[in-house]
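Student: What follows is a single structure, and I will ask about it in a moment.
The values are calculated or read from the model by the stated rules, or taken from the named source; none is laboratory data. Please read all numbers here as calculations on a predicted model, not as lab measurements. A quick note on method: Cβ atoms are made from the backbone with ideal geometry, for glycine too, and the neighbour counts reach across all protein chains shown. Note: areas computed on protein heavy atoms with side chains; ligands, DNA, RNA excluded. Shrake-Rupley method; radii C 1.70, N 1.55, O 1.52, S 1.80 Å.
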Amino acid sequence: MSEAEIADGRDRALANKLATTALRRHGQIDFILSELLERGIPKKSGTFEAVLRLSIAQLVYLPDLGAHSAVHLAVEAIKRDRKAGHLTGLMNAALRRAQSHAARYWSLPESLLLPADASRRWSSTYGESAVTRFTEALIAGAPLDLTLKDPTPERIEALGATPLIADSVRLAERDRPVEALSGYAEGEWWVQDAASAVPARLMGLKPGAHVLDLCAAPGGKTAQLVKAGYRVTALDADPARVRRLQANLDRLDYKAEIVTADAGTYSPPALFEGVLLDAPCSATGTFRRHPEVLWHRTARDVAGRANLQRGFLTNAFRCLKPGGTLVYCVCSLEPEEGEAQVAWALDTLSGLELAPIGVEEILGLEAGITPEGFVRLHPGIDPAGVAGGMDGFFVARLRRR
Ligand SMILES: C[S@@+](CC[C@H](N)C(=O)[O-])C[C@H]1O[C@@H](n2cnc3c(N)ncnc32)[C@H](O)[C@@H]1O
């Protein structure tokens, strides 16, 4: 059953809590399953594994929801599944065992939370203390960051928000849906993680410049480019996402030319002074809100995305006027999609040069600047010292001679 099909708001919140806990604790629950099921998950057992994971999440990590109901509901749920109905005995036994070991499982080491290969990779790239922050961030989840059209003290106070950097603010606690927050209907702000709001600010062109947002939907960065006063062409290949982009701009009362096309082959009628390429990527930097990326992304996925990004980078370069600025970014923590792509582009695209980002351009995020003049952000960096970290992001600025 999808979340949307659950009519009652409280039931929806509960389902959401169970599912996100099971996903955030996936690595620890893997360990628990290896103890509970000596022969592993039975083959062709329908919803058995999913129900078992959710029930362990409830028994071990959300004990206030009631242990008895977890066992009872799990057994009832698989009884209704043709493929899992014969496994009620196993479900009951596994959950009773989980219940008797709940205290030990509750304190399993945090090192189990990240896949071993991600932990190794990120320790060598970002250092062990950053990876400790990543595991904390995985459990804590992401705060809600907004970009404000007009960050007046009154607007910030009406939202109960804390200012971060520039026009980004943070809501540490949220007790209602985004649509019910002050100023939503009036189009006073849009949801955008503090890290995601950095790239568009680095375009650095004069108002009125013609800028192409090459992978634009759902439009967080397009909105920033419009707000900066640029004439914006926003392109995306996915028609459904383009509709969302249009709806988001309409709510904000922002105007851009919208194009549905392929970023790898788009050939514009005139060249641009700026191109923003927020390329599709492995999205490992978003693990706080999409914990499943930790377990589903493979080295092959990263290589596939890197290949696609090179095609888009090449076309972004072709769309630029001489002297034009290219901002390249990805919400990935993998250097193959960030630093290595820029090295490749500088080697391959003749006439492209680095336009290093200065630390004074990202005040409040000084820890994110690299010696080369890239911006490298991750969940261990607190924007302007405000708790809650930020998504993983890589940003580079380039120029066509
Ligand atoms: C990281 S998201 C962009 C997020 C957006 N820039 C924002 O800030 O809201 C990447 C986007 O690339 C789009 N995309 C994927 N393949 C594409 C292609 N071949 N051509 C154009 N857009 C593509 C996806 O539909 C997706 O909307």
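Student: Six or more apart or on different chains, Cβ under 7 Å: which pairs go from a residue in the range 332-357 that's closer than 14 Å to residue 374 by Cα to one that's open to solvent by less than 50 Å² (accessible area, probe 1.4 Å) and among the basic types (Lys, Arg)? Could you list them?
Tutor: Cβ pairs passing all conditions: 355/397; 357/397.
Student: Let me ask you something else. For residue 250, work out the one condition from (1) over 21 Å from residue 159 (Cα atoms); (2) within 12 Å of the ligand (Cβ to nearest atom); (3) part of a helix (DSSP H, G or I) it doesn't fulfil.
Tutor: (2)
Student: Let me ask another. Given the residues 352, 346, 294, 320, which is the only one that is more than 14 Å from the ligand (Cβ to nearest atom) and either under 18 Å from the mean Cα position of the chain (by Cα) or in the same structural domain as residue 23 (by TED's automatic domain parsing) (or both)?
Tutor: None of the other options fit; the residue is 294.
Student: Hey, another quick one. Say we look at the range 231-247 and pick out the residues that are within 9 Å of the ligand (Cβ to nearest atom) and in a strand (DSSP E or B); which of these is nearest to residue 219 (Cα to Cα)?
Tutor: 234
Student: If I ask for residues that are out of contact with any Asp or Glu (no Cβ under 7 Å at 6 or more places or on another chain) and either outside the structural domain of residue 336 (by TED's automatic domain parsing) or of a type outside the set (S, T, N, Q) (or both), which ones from the range 297-315 would you list?
Tutor: Across the range 297-315, the qualifying residues are 297, 299, 300, 301, 303, 304, 308, 310, 311, 312, 313.
Student: I'm trying to understand the selection: among the residues of the range 170-219, which are among the polar types (S, T, N, Q) and more than 16 Å from the ligand (Cβ to nearest atom)?
Tutor: 182
Student: Considering 186, 173, 273, 257, which residue is at pLDDT below 95 and on the phi < 0 side of the Ramachandran plot?
Tutor: Exactly one of 186, 173, 273, 257 is at pLDDT below 95 and on the phi < 0 side of the Ramachandran plot, namely 173.
Student: Can you name every residue in the range 20-52 that is modelled with pLDDT under 95 and within 22 Å of the chain's Cα centre (by Cα)?
Tutor: 20 - this is the single residue of the range 20-52 that is modelled with pLDDT under 95 and within 22 Å of the chain's Cα centre (by Cα).
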